[in-house]
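Here is the structure we will look at, set down as structure tokens.
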Amino acid sequence: MEQKLSVLHRRKYGLSFYGWVLMPAVILLALITIYPFFWMIVKSLFHVAIRPGQKDEFVWFANYIALFKDSLFVHGWLIQARFVVISLAVEFVLGFALALILNNLKRSANIVTTIILIPMMIAPVAVGFLYMYLFNSSFGWYHWFLKSAGLLSGGSILGDPTWAMAAIIIADVWEWTPFMALILLAGLKKVPLDQLEAAKCDGAPPIKRFFDVVLPNMTSVIVIGVLIRFMDIMRYIDTILIMTTGGPAGATKTVSYYLFDVAFRFFDIGRGAAHGFLLLLVTIIIAQLFVNVMNKTKKGLAR
Amino acid sequence: MSGDTVTVAPKRATPPAAPKKKKQPVQMQETILHKRTPVGKIVTWVVLAIWIVWTLAPLVITGLASIKTTREAFATPEYGDWGGVTKIFEFSPTSVHFKRLFTQEGFGSYIWHGLVASVGSALIAVIMGTLGAYGLSRGKFRREGDISFWIISTRMAPAVVVIVPLYYIFRSFGMLSTLPGLIVAYTTFNLSFSLWLIKGFFDDLPIEIEEAAHVDGDSHWAVFRKVAVPLAAPGIVAAFVLCVLFSWNDFLFAAVIGGHRAKTVPVGITELRTTVEVLWGPINSATIILIIPMIALGILIRKYLIQGLTMGAVRE
């Protein structure tokens, strides 16, 4: 293949035109990502001085050990896991139902999807305030609704550990179920009709057709949707920051949120760096998974 | 190098001559799983109606609250008094909260900061992203897979993780609390995003058009500028709009890096919640100011929204 380089790939100064145009982006990206990345790894091994004049002290893995002894950190992973699993499950099920319905629409499909996708454009901070207002225990309309329907026994939603987590999840579901629905809808549109016809001729009932034909054809789309949502839930802490600030009694203090506390409330930089590095490690592993799936998708199924 | 034989080697595995796959016909008599029945239609519309109400209710309630007096906005009926729901619509409109935002709270400059930071960062991201995407899409590199993975992984890092080192690095360079600092901070997530998204659009272009232009004697740069960029324009526009949207909506970077002198609208809103009181009237109107332009932008690029938000992995 190498000899067959076309006119497009002639080299100048050892780098093709394509190398030259890629260069600025790579350099800038390296400056703003790789340098901070190594900064973080190095600092995670230090006890970092806050006051000027003091010197950083090399402490080996003390920051990491301290993290695992910190029950808030360990619990943070559990809370994060609960947040992720419940949100994803609800968004997936509702999103799938919505996608199936949207797939049936004809003329009205455009206007309906346009209305439905509005929440995705809204700043997470704004979503936090919208729901903080709706869940307010003295004048929030959703609080009033839940009370009136007899679903809420306690006095306050955001003041109760279980309900507070539920409120955060509800806000997330409100904002991101449309995203899941639209991704799944795109997948549904690519389910080959001839396979469906064939299954129908074999006399397979709708449920069987769903599990035998529709689902297998949508695997890649489902994986992509779930992974992107997973990473975004790890990435954002805005709604928690607005609605509960991790409370009540740490009930919504996810591991991502707790990092914010460590770094910008306690200003413990060494530990924040260690914390951040572990969080990043988990996300990178997931990202690798995402890219693998995406490459497979490009080669085969979804296109 | 000497013999400039024009070998037009098809670069991509798929034969570009094949016409683009058309959308599957929608005029099926049956849906994917079941026959269209009147009952099914009713169920469909009931579910959709519930979902639309659930989607719009928070926006309508907050939108109305933003033009109510505080007393009206806080008036909920007794628990169980379902007829009292109409109270939501009982008010005389006032613009006092919006006025307060601009006269007392400085939202005029917050909006300006948000605009400069998001448009500035989106411009950098899209210009460098378009160049880089073209290079990555057309060029052949050693370890291309690793470069791609590195680029996409920078986008997936949790925002808090990126902010911790950036804060301390920016502090030593005196870039905290400045608009340029904020622009650079936003570029950390916008650049990799736009590069990856635009690359998908370049990948989709049939390479023959560019090769033909080369044969006609155009330079690489001319082909890029006159052929490739115009053809990928929708993707470039979509990337630009989404970059603006991400930056305008961002809170963490603005709060930590933007500091006191480069406050944006999301930061401004959180300051309306003081330790003494929560100014719900101004908060609700500021929320409306924050979200309306982005909803408009999102609808504008509706066609590319899913492709954009999945970084090209899923197309509608």
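Residue selection: B:Thr270 fails the criterion of being at the interface with another protein chain (Cβ under 8 Å from one of its Cβ atoms) and open to solvent by less than 10 Å² (accessible area, probe 1.4 Å). Residues being modelled with pLDDT of 85 or more and touching a Phe, Trp or Tyr at 6+ places or on another chain (Cβ under 7 Å) are represented in the stretch A:63-71 by at least one member. B:Tyr304 meets all of the listed conditions (1) under 16 Å from the mean Cα position of the chain (by Cα); (2) more than 11 Å from chain A (Cβ to nearest Cβ); (3) open to solvent by less than 20 Å² (accessible area, probe 1.4 Å) but one, namely (3).
Hey, any hits in the stretch B:47-60 for a residue that's over 20 Å from A:Tyr142 (Cα atoms), open to solvent by 50 Å² or more (accessible area, probe 1.4 Å) and not charged (D, E, K, R)? Checked the stretch B:47-60: no residue is over 20 Å from A:Tyr142 (Cα atoms), open to solvent by 50 Å² or more (accessible area, probe 1.4 Å) and not charged (D, E, K, R).
For A:Val125, the conditions (1) open to solvent by less than 20 Å² (accessible area, probe 1.4 Å); (2) over 25 Å from B:Leu300 (Cα atoms) are fulfilled apart from (2). Is there a residue in the stretch A:32-40 that is among the hydroxyl-bearing types (Ser, Thr, Tyr), at pLDDT below 85, open to solvent by less than 30 Å² (accessible area, probe 1.4 Å) and within 32 Å of the chain's Cα centre (by Cα)? Yes: the stretch A:32-40 contains one or more residues that are among the hydroxyl-bearing types (Ser, Thr, Tyr), at pLDDT below 85, open to solvent by less than 30 Å² (accessible area, probe 1.4 Å) and within 32 Å of the chain's Cα centre (by Cα).
Take A:Phe139 and tell me if it is under 30 Å from B:Trp82 (Cβ atoms) and more than 17 Å from the chain's Cα centre (by Cα). Taking the combined requirement at face value, the residue satisfies it. Selection of first residues in the stretch B:214-228 that are of a type in the set (A, V, I, L, M, F, W, C) and of second residues that are part of a loop (DSSP other than H, G, I, E, B) and open to solvent by 30 Å² or more (accessible area, probe 1.4 Å), restricted to Cβ pairs under 6 Å at least 6 apart or on distinct chains, gives the following pairs, ordered by first then second residue: B:Val215/B:Val6. When A:Tyr257 is tested against (1) crowded, with 21+ Cβ neighbours inside 10 Å; (2) out of contact with any Gly (no Cβ under 7 Å at 6 or more places or on another chain), just one condition goes unmet, and that condition is (2). Scanning the stretch B:150-174 for residues that are surrounded by fewer than 17 Cβ atoms within 10 Å (Cβ to Cβ) and either outside the structural domain of B:Val116 (by TED's automatic domain parsing) or not basic (Lys, Arg) (or both) gives B:Trp150, B:Ile169, B:Ser172, B:Phe173, B:Gly174. Of the listed requirements (1) assigned to a loop (DSSP other than H, G, I, E, B); (2) at pLDDT 85 or above, A:Val74 misses just one: (1).
Can you confirm whether the stretch A:165-174 contains a residue that is touching an Asp or Glu at 6+ places or on another chain (Cβ under 6 Å) and more than 8 Å from every other protein chain (Cβ to nearest Cβ)? Yes, some residue in the stretch A:165-174 is touching an Asp or Glu at 6+ places or on another chain (Cβ under 6 Å) and more than 8 Å from every other protein chain (Cβ to nearest Cβ). For the residues B:Ala239, B:Ala262, the requirement of being touching a residue at least 24 places away in the same chain (Cβ under 8 Å), part of a loop (DSSP other than H, G, I, E, B) and open to solvent by less than 10 Å² (accessible area, probe 1.4 Å) singles out B:Ala262. The residue that is most open to solvent (accessible area, probe 1.4 Å), among those in the stretch A:129-164 that are part of a helix (DSSP H, G or I) and more than 12 Å from chain B (Cβ to nearest Cβ), is A:Thr162.
Which of (1) modelled with pLDDT under 90; (2) exposed (fewer than 14 other Cβ atoms within 10 Å of the Cβ); (3) away from chain B (no Cβ under 14 Å) is the odd one out, the single condition A:Lys12 does not satisfy? A:Lys12 satisfies all of (1) modelled with pLDDT under 90; (2) exposed (fewer than 14 other Cβ atoms within 10 Å of the Cβ); (3) away from chain B (no Cβ under 14 Å) except (3). Taken over the stretch A:194-250, the criterion of being surrounded by 19 or more Cβ atoms within 10 Å (Cβ to Cβ), in a loop (DSSP other than H, G, I, E, B), over 18 Å from the mean Cα position of the chain (by Cα) and aliphatic (A, V, I, L, M) is satisfied by A:Met218 alone.
Every residue, every condition in (1) within 31 Å of the chain's Cα centre (by Cα); (2) outside the structural domain of B:Ser177 (by TED's automatic domain parsing); (3) touching a residue at least 60 places away in the same chain (Cβ under 8 Å); (4) surrounded by fewer than 20 Cβ atoms within 10 Å (Cβ to Cβ), yes or no:
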| residue | (1), (2), (3), (4) |
| --- | --- |
| B:Gly63 | yes, yes, yes, yes |
| B:Thr76 | no, yes, no, no |
| B:Trp82 | no, yes, no, yes |
| B:Glu90 | no, yes, no, yes |
| B:Gly108 | yes, no, no, yes |
| B:Ser118 | yes, no, yes, no |
| B:Ala122 | yes, no, yes, no |
| B:Val126 | yes, no, yes, no |
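The listed residues are A:Val59, A:Val93, A:Val74, and the only one of them that is more than 9 Å from every other protein chain (Cβ to nearest Cβ), among the β-branched types (Val, Ile, Thr), in contact with a strand residue (DSSP E or B) (Cβ under 9 Å, 6 or more places away or on another chain) and open to solvent by 30 Å² or more (accessible area, probe 1.4 Å) turns out to be A:Val59. Taking the criterion of being more than 9 Å from chain B (Cβ to nearest Cβ), over 22 Å from A:Phe83 (Cα atoms) and hydrophobic (A, V, I, L, M, F, W, C), the residues of the stretch A:256-283 that qualify are A:Phe266, A:Phe267, A:Ala274.
Among the residues of the stretch B:207-235, the ones that are over 16 Å from A:Val21 (Cβ atoms), at the interface with another protein chain (Cβ under 10 Å from one of its Cβ atoms) and surrounded by fewer than 18 Cβ atoms within 10 Å (Cβ to Cβ) come to 1 in all.
The values are calculated or read from the model by the stated rules, or taken from the named source; none is laboratory data. Only a predicted model underlies this, so the values are computations on that prediction, with no experimental measurement involved. Don't worry about glycine lacking a Cβ; one is built from the backbone with ideal geometry, like all the others, and counts go over all protein chains shown. What goes into the accessible areas is simple: the full protein's heavy atoms, side chains included, and nothing from ligands, DNA or RNA. Shrake-Rupley method; radii C 1.70, N 1.55, O 1.52, S 1.80 Å.
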